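First the structure, in the form of structure tokens, and then the observations on it.
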Amino acid sequence: MSRTAAVDSNESRPGPVNRTWAILLISIAGLYLELLLIRWIGTEVRIFAYLQNTILIVCFLGLGIGCFTCRQRIVMRRSLLALLCLTAALSVPLMHEHLGKISLLLSGLGDFVIWEEALDAGLWTGLGRMALGLASAFLLLVVVWEIFVPIGRVLGRLMDDHPRTVWAYSVNVIGSLIGVWLFVALSALSLSPFVWMAFAAAMLLAFVGRGRERWFNLACLAGILGATWFADQRPELMELSWSPYQKLALYENTDPAQQWKGRYVIDVNNTGYQGMVDLSAAGVAANPHITPEMAAVSQYDIPLLMKPQPKNVLIVGAGSGNDVAGALRGGAEHVTAVEIDPVIIDMGRRHHPERPYDSQRVTVVIDDARSFFATTQEKFDLIIFGLLDSHTMTSMTNARLDHYVYTQESLARAASLLTDDGVMSLNFLAQRDFIEDRIHRSLTEVFGQAPLAFCHETDATGWGGVMFFAGNQNAIERALADNPHLAAAIAKWQQERPVAATGTTKVATDDWPYLYLKRPHVPSMYYLMAVLMACLLVYARQRCGGRDWFGKWHASQWHFFFLGAAFLLLEVQNISKASVVLGNTWTVNAVIISGILAMVLLANLIAARVRRIPTALTTVGLIGVCVALYFIDLSTFGFLPYAVKAPLVGALTTLPMLFSGLLFIDSFAKCPDKGQALGANLIGALVGGVLQAATFVIGVKALLLIVAGLYVAALATRPRPAYARDTQRAGAHDAPVDAAAGLFAWLRQRAPSQ
């Protein structure tokens, strides 16, 4: 497509002849493919696991500009060729290896912990690696954008030409809901990218076109499936599984130099995560790398030495079973093992040498630790935090999977579950001193006294990490007095490697849950991603002839700019707040996105039924709900059954979308220049995505005040009545304008237009 591509309003579009069915199918395919790429790219290129909102914005931008230029020629082969290139890069070993290095190339920024060891290099070498990493990341973003532009044009053409606007828009929202839950279902079944892409190809098959174009596009779809097939071909592995959260690779460790990893090792998202260690009497006797003295004070046995013979033990982050095996060896009468990932539990059940999950004394709970804390009514003699450090983010936000487990509120709730004589054990592989200090200070403030802390060395009994013990201080001191060997080992570790405990690091809270951030500030990586977004916007402008996106803006354009920025910020804030009460499970994103789409559908229904909605009502409802949500503590609903609190939280957090939807429909109908309004809205969406980083400084809750401020700005720049009179004087254009409103209402949810 040339820079000045001509408008081709008479060109036939690809897809089913029936417009309604075509809208439904392309809507399902668009949102489904978006979620697929957010997850897959974030898995294989870890930097985008921590910056997943970047992929989300790029998908929105591609779809939005596709709708904006829907009268330009629709060339589906561009979308399929880009998708073929991306799937090949993510699947074929040599290309996949290069993509994986992007995170390593960008690891030189020390203020952003991304589970990569920074490469030692001089200034110029470091800058060169950084430039190469940024260039590779930008190329990846361009490919993602290219995938979605033709899809957006198909949908835009369909919506613009449909004679029944409200019905077409309703079908679009229903299709988006189906797309969300289709991908959720495939993820819940732990199916692989090959299956994901097979469903996407089946939906895109209807839009391959006719004639020679059709055969070329069919060849592209075949190539996409062929390339994706390589993603599962790892013959050196025992198993390769895609859980609802992450990519898990299981292999047997036969390297004599790495016996500390355990007999079986699980890699998560291409990085070592946990090993299965056999510390049974027979296993220790058969392993020359483990002495009885080492085994006696392994990191998995120490918690039971601090609290001997406990009746009721809770383990969160139970993983493949090392902590559970240690509890059973220590004589625990009953163990509740909580693990968020069912596939890791299954691997441990089948492969852990000690078979801890086969014991009748063990109850397995598949849940997020924070969610379990909120709902359980039991008391425990010993609570063990396993190695919960996460390599995974929740999509659309900058919160990692483990962030809300280590907040002060979470630790306080866990402490309330201890018996009077109970002890809490927390183990963490801290990559930075400030992380050790943050956890130490949090435990000190929760329990009113400093925890016992030491760094367990890495050896053949485990991967090591900093261990904290808090709770009943008398019980801890009594355990050390009764076990001189343990007391001596701890004293040795404390002397060899003291734990950083200055008490100066800001504690993590539900409002500021950033465990891996030293202080409230925006990491350098986010500034670099903002630059890449600006470059992508310039690229998009050149590719699609969007010269009118920039220049002197009037109030109407600023109105849609503020609506776009507010929408994305509100969506991010919703997911973050919901994670506190529902846990960081895979269902949270689905609940919130479904709630947003449901509110959009309801707003559309109201607008179709009610001839004129008072502006004052929309204004008061929008700003009032945003301010009210600022003061509502959603964690108070944590005790409710999941089936009750999930729809309740989903409805509360997405309620502003109802009023913003009504505002958008009314404003857009009064705006005569739809193209400039959309261009401003898309730029606002990009700015909103960048503004999400403000939570690193001001916290999650205050984001609602920024959202309210953006909506106030949108109201202040609302199109004047003159726009409506101009539209009415157009006469013959009334119907097309109303049809276009359906198209751009779609952008309210997809390229966030609210």
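Points worth noting:
- Total charge dipole magnitude, the range 227-366, about the Cα centre, Cβ charges on Lys, Arg, Asp, Glu only, Debye to nearest 20: 300
- Cβ crowding within 10 Å ranks 432, 612 as 612, 432, fewest other Cβ atoms first.
- Translational diffusion of the chain, µm² s⁻¹ [Kirkwood Rh, Cα pairs; Stokes-Einstein; 10 °C; 1.306 mPa s]: 58
- The alpha carbon convex hull volume per residue for the range 264-312 rounds to 116 Å³.
- FRET efficiency for residue 416 and residue 602, using Cβ-Cβ distance with R0 set to 41 Å, rounded to 0.05: 0.60
- Estimated translational D of the range 179-259 in µm²/s (Stokes, Kirkwood radius over Cα pairs; 10 °C; 1.306 mPa s): 106
- Order of 441, 157 - criterion: other Cβ atoms within 10 Å of each residue's Cβ, fewest first: 441, 157
- Here the relative contact order of the chain, from alpha carbon pairs under 8 Å that lie six or more residues apart, stands at 15 percent.
- Pairs of alpha carbons in the range 139-285 separated by more than 21 Å make up 63% of all such pairs.
- Given the chain, longest segment not containing exposed loop GluC sites (Glu not before Pro) (DSSP; at most 13 other Cβ within 10 Å): 379-754
- Once the C-beta distance of residue 213 and residue 527 is scaled by a Förster radius of 30 Å, the resulting FRET efficiency is 0.10 to the nearest 0.05.
- Kirkwood Rh, angstrom, the range 447-523 [1 / mean 1/r, Cα pairs]: 14.9
- Assigned charges on the beta-carbon of Lys, Arg, Asp, Glu; the chain dipole about Cα centre (debye): 3600
- Other residues with beta-carbon under 13 Å from the beta-carbon of residue 454 carry, at +1 per Lys or Arg and -1 per Asp or Glu, a net charge of -1.
- Convex hull volume of the range 262-409 per residue (C-alpha atoms, cubic angstrom): 122
- Longest site-free stretch - the chain; sites: chymotrypsin sites (Phe, Trp or Tyr not before Pro), DSSP loop, at most 15 other Cβ within 10 Å: 1-549
- Across the range 244-293, the mean sequence separation of Cα contacts (distance under 8 Å, 6 or more residues apart), normalised by length, yields a relative contact order of 27 percent.
- When both bridge partners sit in the chain, DSSP labels roughly 60% of those beta bridges antiparallel.
FYI, it's all coordinate maths here, none of it is from the lab. The model shown is predicted, which means the values in this text are computed figures rather than measured ones. Using ideal geometry, Cβ is built from the backbone for each residue, glycine included, and neighbour counts are taken over all protein chains shown.
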